[in-house]
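The values are calculated or read from the model by the stated rules, or taken from the named source; none is laboratory data. The structure displayed is predicted, hence computed values, not measured ones. Neighbour counts run over all protein chains shown; Cβ positions are idealised from the backbone, glycine included. Heads up: the accessible areas ignore ligands, DNA and RNA and are worked out on the full protein's heavy atoms, side chains in. Shrake-Rupley method; radii C 1.70, N 1.55, O 1.52, S 1.80 Å.
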Amino acid sequence: VRVVSSPRHPVMLFLDDVQWADSTALDVIHTILSDTMGSCMFFVGTYRNNEVQADHDIFNLIEMLEISNVRTTKLSLTGLNREDLNTMISDALCLYPRICKPLSDIVFQKTTGNPFFVLEFMQSLQSRGLLQYN
């Protein structure tokens, strides 16, 4: 990493679903991120908190990074609330929010506000002819 990174040109590594990484892969991530010899790395790792237990190796990685003085920031993303979901759907359909409210309530019940599932659900409604532009 030192060969290809510098303060003016850092390397960014994004790994999704880190909950599936084994302990060896997490050790490699720790080794790379705790390198104090001049590598410039920006790492973003995501995991699904509903798929890990409190004793998962990912939490050990986070603890070890903090012990190694690697600055970490944790963000917890949740689904959209009902009001924001209604706003998003009304914007997408170019309708007033009060008109979209019944649809938004159904979408929220089906998706719990998860943006990915909202998009998939809305697309399935459209592809099955249940949601049409008029």
Computed ³J(HN,Hα) along the range 24-33: with the Karplus parameters 6.51/-1.76/1.60, θ = phi - 60°, integer Hz and x for glycine or proline, the list is 5, 5, 5, 5, 5, 4, 4, 4, 5, 6
If one compares the long axis through the Cα atoms of helix 82-93 with the longest principal axis of the Cα atoms of the chain, the angle in degrees, nearest 10, works out at 70
Distance in nm between Asn69 and Lys110 label points, each 7 Å along Cα→Cβ, equals 5.3
Taking the chain and counting helices only, DSSP H stretches of n ≥ 4 at -39,500 (n - 2.57) each over all residues, the nearest-500 ellipticity at 222 nm comes to -14500 deg cm²/dmol
Rh (Kirkwood, all Cα-Cα pairs) for the range 1-113, Å, reads 17.1
Answer in debye to the nearest 20: the dipole magnitude of the chain about its Cα centre, from +1 Lys/Arg and -1 Asp/Glu charges placed on Cβ, is 600
Taking placed amide H atoms and a strict 5 Å upper bound, the residues 5 or more places from Phe43 or on another chain that come that close are Leu13
Mean separation of Cα contacts under 8 Å (at least 6 apart) over the residue count of the chain, i.e. the relative contact order in percent, is 19
PRE zone check, label point 7 Å out along Cα-to-Cβ of Val1, amide N under 16 Å, scope the range 32-64, hits 32-46, 61-64
Counting as exposed only trypsin sites (Lys or Arg not before Pro) in DSSP loop states with no more than 14 other Cβ atoms inside 10 Å, the longest exposed-site-free span of the chain is 75-127
Taking Cα atoms only, helix 97-111 is inclined relative to the longest principal axis of the chain by an angle, in degrees rounded to 10, of 50
Distance in nm between Thr36 and Leu119 label points, each 7 Å along Cα→Cβ, equals 4.2
With Val18 itself left out, Lys, Arg at +1 and Asp, Glu at -1 over residues whose Cβ is under 11 Å from its Cβ give -4
Residue separation between Ile99 and Val11 times 0.36 nm, minus their alpha-carbon distance, gives in nm 27.0 nm
Charge dipole of the chain built from unit charges on the beta carbon (Lys, Arg +1; Asp, Glu -1), centred at mean Cα; most positive-end Cα among Asn114, Phe43, Pro102 is Pro102
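Considering only protein heavy atoms and a probe of 1.4 Å, how much of the accessible area of the chain is carbon and sulfur, as a whole percent?
Summing carbon and sulfur atoms, their accessible area is 56 percent of the total for the chain.
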Given Cβ charges of +1 for Lys and Arg and -1 for Asp and Glu, the option among Asn86, His30, Phe14 whose Cα lies farthest towards the positive end of the dipole of the chain is Asn86
